[in-house]
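Have a look at the structure below before the remarks.
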Amino acid sequence: MKTGLWMFAGAVALAALSAGAMAQRDPAYAAAREAKQVGEQPDGYLGVVSGGASVQAMVRDINIKRKAAYTASAQASGATVEQFAFTSGCNLVAKVGQGEMYKTPSGQWKENTGTPELDARCK
């Protein structure tokens, strides 16, 4: 039981890091994040705060890659994709930088001014 939990936690960390690393290499992603056009969501996916078709297409592409990473990791850990994505979402929202956007558990976009609000199930 403990081994499975550790494998799951490790897989969550790996997926969050690889999804974040892939996105951070894209200058358009960095610019959209800095311009507060995109933000992390509790469900583990990137969301569009504001922006046109190019921002929406970029977010869609990043989310397709995240879902693929979540699917592979969920299968390896025995979790569902939704469980894995949610756990990753908890980690991603918790790591949102100061001044960056995230979606609160109530569904509102908010700029991180210190410690982001996390879903109660994240704790």
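Some observations on this one:
- Partners for K36 among aspartates and glutamates (Cα-Cα distance below 14 Å; same-chain residues under 8 apart left out): E100, E111
- Loop sites in the stretch 25-94: trypsin sites (Lys or Arg not before Pro), DSSP, at most 15 other Cβ within 10 Å: R25, K36
- For G44, the amide hydrogen comes within under 5 Å of the amide hydrogens of G89, counting only partners 5 or more places away or on other chains and with H modelled in the peptide plane.
- Simple rule: put +1 on each Lys or Arg Cβ and -1 on each Asp or Glu Cβ in the stretch 21-123, find the dipole, and look at G89, G51, A79; the Cα lying farthest toward the positive end is A79.
- Calculated from backbone phi, Karplus (6.51, -1.76, 1.60) coupling profile of the stretch 82-99 in Hz, x at Gly/Pro: 5, 5, 5, 5, 5, 4, 5, x, 4, 5, 5, 5, 4, 9, 4, x, 4, x
- Taking θ as phi - 60° and the Karplus parameters 6.51, -1.76 and 1.60, the scalar couplings of the stretch 117-122 work out to 6, 10, 4, 4, 6, 6 Hz in sequence order, x denoting glycine and proline.
- Between K36 and E82, the distance separating the two model label sites (each 7 Å from Cα on the Cα→Cβ line) works out to 3.3 nm.
- Take the Cα of Q108, step 7 Å toward its Cβ, do the same at R60, and the gap between the two points is 3.0 nm.
- Long pairs among K67/K123; K65/K110; K65/K123; K65/K95, criterion Cα-Cα beyond 21 Å: K67/K123; K65/K110; K65/K123
- Measuring r between the beta carbons of A72 and R121 and using R0 = 25 Å, the FRET efficiency lands at 0.60.
Bear in mind that the values in this text are calculations on the coordinates, not laboratory data. The shown structure was predicted, so the numbers you read here are calculated from the model rather than taken from an experiment. Every residue, glycine as well, gets a Cβ built from its backbone with ideal geometry; the counts of neighbours run over all protein chains shown.
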